[in-house]
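Visitor: Quick one: structure below, then a few questions.
The values are calculated or read from the model by the stated rules, or taken from the named source; none is laboratory data. Please read these numbers as outputs of a predicted model, since none were measured by experiment. Backbone-built Cβ (ideal geometry, glycine too); neighbour counts: all protein chains shown. For accessibility, only protein heavy atoms count, side chains too; no ligands or nucleic acids. Shrake-Rupley method; radii C 1.70, N 1.55, O 1.52, S 1.80 Å.
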Amino acid sequence: MKLKFANFKMNMTASGLRSYLSAILPEIKEYEKQVAFFTPCVNLFVFRDFEGEFGIGAQNFYFEEKGAFTGEVSLSMLKELNVSLALVGHSERRQIFGESNELIGKKLSAALKAGIEPVLCIGESLEERQAGVAFEVIKSQLRLALGNVDKLKSLIIAYEPIWAIGSGNPASPEDAEKMHGFIKETVKSILESSELSVKVLYGGSVNLENAGEFLKMPNVDGLLVGGASLDPAKFAKIVKADC
Ligand code: PEP
């Protein structure tokens, strides 16, 4: 079965997350290993009261270990809250918070060093797709993020075309398949490793109706779901869409 990751973005209070987990966990018991929940850092403590094999994900962190970085959260703080995964390079962080490719590279390396598995998010804008440069943009984002990374055994990438995120206008499963194949080849060539296991998730307006179609694609190793993950009943169905 393929991975199903939920990105709650800036939604749900701690009590909301508690109700959400109480509702969804009994529904996805057999599939927990493939599921991860990416919640705002302030709510991560809630997971202490829920047992299971699902992944606990952070949406953000800073690459420095500690110090005068007011408002930021370190990887060691996340580790104490049992976080095993973290988003890096989400387009909302690139666009709204001005995260540069340089910062994204530093965050990726810091997460790997700390033993938290980064989920590197990449994607082209609508203008870039229409100009026919989507593949070049993706290659350049990968090069800039992975430039300082040493040998790796595995890596998770989320391909999220910016124009598809939250727009109700997903990529076609065929376009995602093509791009995922390209991403896998490019990552292996940048890191000079043919043995590296690269999983590529698709994200961008995934919903109950289209999840199954994406999951049929051989190079789509899973989904990163934003809006449609906020309803536990809906997300439980997406989790089971390829079962
Ligand atoms: C996301 O935020 O990673 C995402 C894919 O959002 P949505 O599913 O709402 O498009």
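Visitor: Please state which of the following conditions LEU201 fails to meet, knowing it meets all the rest: (1) buried (at least 18 other Cβ atoms within 10 Å of the Cβ); (2) among the aliphatic types (A, V, I, L, M); (3) farther than 22 Å from GLN59 by Cα.
Guide: (3)
Visitor: Give, as residue ranges, the strands (runs of 3 or more DSSP E) completely inside the range 1-58 that count at least 2 residues that are modelled with pLDDT of 95 or more and over 17 Å from LYS79 (Cα atoms).
Guide: 3-7
Visitor: Given the residues LEU87, LEU103, which is the only one that is touching a strand residue (DSSP E or B) at 6+ places or on another chain (Cβ under 6 Å) and outside any loop (DSSP other than H, G, I, E, B)?
Guide: Unique residue meeting the criteria: LEU87.
Visitor: Of the residues VAL42, VAL46, which is of a type in the set (A, V, I, L, M, F, W, C), open to solvent by less than 30 Å² (accessible area, probe 1.4 Å), away from the ligand (no atom under 16 Å from the Cβ) and free of Cβ contacts under 8 Å to residues at least 60 places away in the same chain?
Guide: VAL46
Visitor: Does SER205 qualify as being at positive phi, polar (S, T, N, Q) and either free of Cβ contacts under 8 Å to residues at least 24 places away in the same chain or within 13 Å of the ligand (Cβ to nearest atom) (or both)?
Guide: So SER205 passes the test.
Visitor: Name every residue in the range 216-230 that is farther than 25 Å from ALA58 by Cβ and either open to solvent by less than 40 Å² (accessible area, probe 1.4 Å) or near the ligand (Cβ under 8 Å from one of its atoms) (or both), in order of residue number.
Guide: Passing the criteria: only MET217.
Visitor: Now for a separate question. Of the residues that sit in the range 188-211 and are modelled with pLDDT of 95 or more and of a type in the set (Val, Ile, Thr), which one is farthest from ASP242 (Cα to Cα)?
Guide: Out of the qualifying residues, it is VAL198.
Visitor: For the range 157-184: of the residues being open to solvent by 50 Å² or more (accessible area, probe 1.4 Å) and among the small types (Gly, Ala, Ser), which is nearest to the ligand (Cβ to nearest atom)?
Guide: GLY166
Visitor: Run down VAL149, VAL187, VAL133, VAL137 and say which single residue is away from the ligand (no atom under 15 Å from the Cβ), surrounded by 21 or more Cβ atoms within 10 Å (Cβ to Cβ) and more than 25 Å from TYR31 (Cα to Cα).
Guide: It is VAL187.
Visitor: Kindly list, by first and then second residue, each pair from a residue in the range 215-242 that is closer than 14 Å to GLY203 by Cβ to a residue that is crowded, with 23+ Cβ neighbours inside 10 Å and among the aromatic types (Phe, Trp, Tyr), limited to pairs with Cβ atoms under 6 Å and residues at least 6 apart or on different chains.
Guide: Matching pairs, first to second residue: VAL220/TYR202; VAL220/PHE214; LEU223/TYR202; LEU224/PHE5; SER229/PHE235.
Visitor: Determine if the range 68-82 includes at least one residue that is within 28 Å of GLU195 (Cβ to Cβ), open to solvent by 10 Å² or more (accessible area, probe 1.4 Å), touching a residue at least 24 places away in the same chain (Cβ under 8 Å) and not in a loop (DSSP other than H, G, I, E, B).
Guide: yes
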